[in-house]
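Mind having a look at this structure? Questions to follow.
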Amino acid sequence: MITMRSSVFRDASKLSLSYIPGRIPHRELKLQQLIDYFKSVVDNKVNYEHVFIVGNTGTGKTLVVKHFENIIRGYEGFIPIYVNSRFERSPGNIIRKIISSLSMERVARGYSLEEVFTSFLSYLVDHDLKAVLILDDSDHLFDKHKEFIYKLSRAEEASPKFINNLSLVFVVHGEDVINKLDPWTAAGLHKNIIRFEDYTYKELIDILNYRCSEAFYEETITREAIITAADIATAYNYNARYAIELLYKAGLIADKRREGLVKAEHVRLARRETFPAFSFDELKTLELHEKILLYSLADVLASEDKAFVTMGELERRYRDNCLFFHEKPVGHTWLWKMVNVLATFGLITKRLSGEGFRGKTTLIGLPSFPAEPLAKKLYELIRNEIRR
Ligand SMILES: Nc1ncnc2c1ncn2[C@@H]1O[C@H](COP(=O)(O)OP(=O)(O)OP(=O)(O)O)[C@@H](O)[C@H]1O
Ligand SMILES: [Mg+2]
């Protein structure tokens, strides 16, 4: 007798964002390429390397560097340091993360960041260690903390005996970040680039089949459901994260309805509560003024039923909102930097105006979330943050 299972999931956690799957279909070669770049460091032919990993959101970049981190950890004398720069936003936090990987926190107390960084570099040299710092989602550092990138990439200048044992892996969304650096810093970086192209439809289906085989029972998910998820993700450059989240939510819906089977319609229903770029929770990681800026955008778009706002309009609304929250607004240049940061996170879009506008102006859109709930959520977060 066949009894219906109480849940369609074999193990729902296998679809969570923090889970790292053991296999990486269609990305094995990228991982190998990354390892190959470090071959001469491992063989002691050079002291360090710099690599850029570039690709759109949901193309498996984080997954590959996490596998790489584990591989490096297995090498004698190597220390991998993974930092998600979307969460650790300031150089100070990144340095703290670096030293915590060596249990040097005690040493660091009472010293300036510069001194701590220098003693980290000495520690590496004295103990004959090599570190590989992986800076995931580091686009914004190229906008806001160029000086810091300069320091990291020219560590031999800060290091005793002028030896640099610090390799860098930058994970970014667009190659143009390198052009933002001054020629001096750019020249100091080895620009080894690995490009993660968007998945194809077929590749995405393979990935989803694999991920679903871990998370669902074989008989509790239909092929149609998987195809539907891939098909919806087509509109978002085959973003694997989005497709996986759709299937996870579809599973929850199937469970709630006690249907015992995930169907295409559940995936379509899940779409209503799934956002492709950022999760609602991640909004907390934005800096206060980024929150106010994004709030201002959502606020205008929700109240005026528009597709875009001009940069000028957005800036005015941002200044008004700063007054409202009793916060000193940032200057025009900094505001542009924040717009770039929000755009690289996929939260907003920027485009140059075409017909219907006098002169050229930048238009800002909000593809990531519906404006009204976003404005509400940000309002709460901003209020809480200011109160603290
Ligand atoms: N080749 C793959 N095999 C299995 N799972 C994958 C693969 N590629 C991506 N995924 C899964 O899809 C999700 C998104 O991948 P990942 O986080 O690596 O994307 P990303 O390129 O780092 O995106 P972002 O730029 O937004 O950080 C993760 O849950 C990851 O495990
Ligand atoms: Mg990532």
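The values are calculated or read from the model by the stated rules, or taken from the named source; none is laboratory data. Please read these numbers as outputs of a predicted model, since none were measured by experiment. Cβ sites come from the backbone with ideal geometry, for glycine too, and all protein chains shown count toward neighbours.
Only one of Glu88, Glu105, Glu114 is at negative phi, at pLDDT below 95 and within 16 Å of ligand 1 (Cβ to nearest atom). Can you tell me which? Spell out the reasoning first.
Values: Glu105 fails: within 16 Å of ligand 1 (Cβ to nearest atom); Glu114 fails: within 16 Å of ligand 1 (Cβ to nearest atom).
The conditions single out Glu88.
To continue, here is another question. Can you name the residue in the range 47-97 that is of a type in the set (Gly, Ala, Ser) and surrounded by fewer than 21 Cβ atoms within 10 Å (Cβ to Cβ) and is also nearest to ligand 2 (Cβ to nearest atom) among such residues? Write out each step before concluding.
Narrowing the range 47-97 to residues of a type in the set (Gly, Ala, Ser): 55, 58, 60, 74, 77, 85, 90, 92.
Filter once more, keeping what is surrounded by fewer than 21 Cβ atoms within 10 Å (Cβ to Cβ): 74, 77, 90, 92.
Details: Gly74: 22, Gly77: 28, Ser90: 19, Gly92: 22 Å.
Among those that are of a type in the set (Gly, Ala, Ser) and surrounded by fewer than 21 Cβ atoms within 10 Å (Cβ to Cβ), it is Ser90.
Residues in the range 29-41: is at least one closer than 30 Å to Val267 by Cβ, at pLDDT 95 or above, surrounded by fewer than 18 Cβ atoms within 10 Å (Cβ to Cβ) and more than 16 Å from ligand 2 (Cβ to nearest atom)? Walk me through it before giving the result.
As a first pass, look at the range 29-41 and keep what is closer than 30 Å to Val267 by Cβ: 29-31.
Pick out the ones that are also at pLDDT 95 or above and you get 29-31.
Of the ones still in play, those that are also surrounded by fewer than 18 Cβ atoms within 10 Å (Cβ to Cβ) are 29.
Add one more test, that the residue is more than 16 Å from ligand 2 (Cβ to nearest atom), and what stays is 29.
Within the range 29-41, one or more residues are closer than 30 Å to Val267 by Cβ, at pLDDT 95 or above, surrounded by fewer than 18 Cβ atoms within 10 Å (Cβ to Cβ) and more than 16 Å from ligand 2 (Cβ to nearest atom).
Please list, ordered by first then second residue, the pairs with beta carbon atoms under 8 Å, 6 or more apart or interchain, first in the range 115-130 and under 20 Å from Val42 (Cβ atoms) and in the same structural domain as Leu102 (by TED's automatic domain parsing), second part of a helix (DSSP H, G or I) and among the hydroxyl-bearing types (Ser, Thr, Tyr).
Note: pairs meeting the criteria are Leu129/Tyr123.
Continuing with this model, one more query. Quick check, is Arg5 of a type outside the set (A, V, I, L, M, F, W, C), more than 16 Å from ligand 1 (Cβ to nearest atom) and touching a Gly at 6+ places or on another chain (Cβ under 7 Å)?
yes
Here are the criteria: (1) outside any strand (DSSP E or B); (2) over 23 Å from Val177 (Cα atoms). Tell me which single one Ile79 does not satisfy.
(1)
Residue by residue, here is whether (1) among the basic types (Lys, Arg); (2) touching a Leu at 6+ places or on another chain (Cβ under 6 Å); (3) outside any loop (DSSP other than H, G, I, E, B) holds:
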site: Tyr318; (1), (2), (3): no, yes, yes
site: Asn321; (1), (2), (3): no, no, yes
site: Thr333; (1), (2), (3): no, no, yes
site: Val341; (1), (2), (3): no, no, yes
site: Phe369; (1), (2), (3): no, no, no
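Somewhere in the range 204-223, is a residue within 16 Å of ligand 2 (Cβ to nearest atom), assigned to a strand (DSSP E or B) and either buried (at least 22 other Cβ atoms within 10 Å of the Cβ) or assigned by TED's automatic domain parsing to the domain that holds Leu269 (or both)?
no
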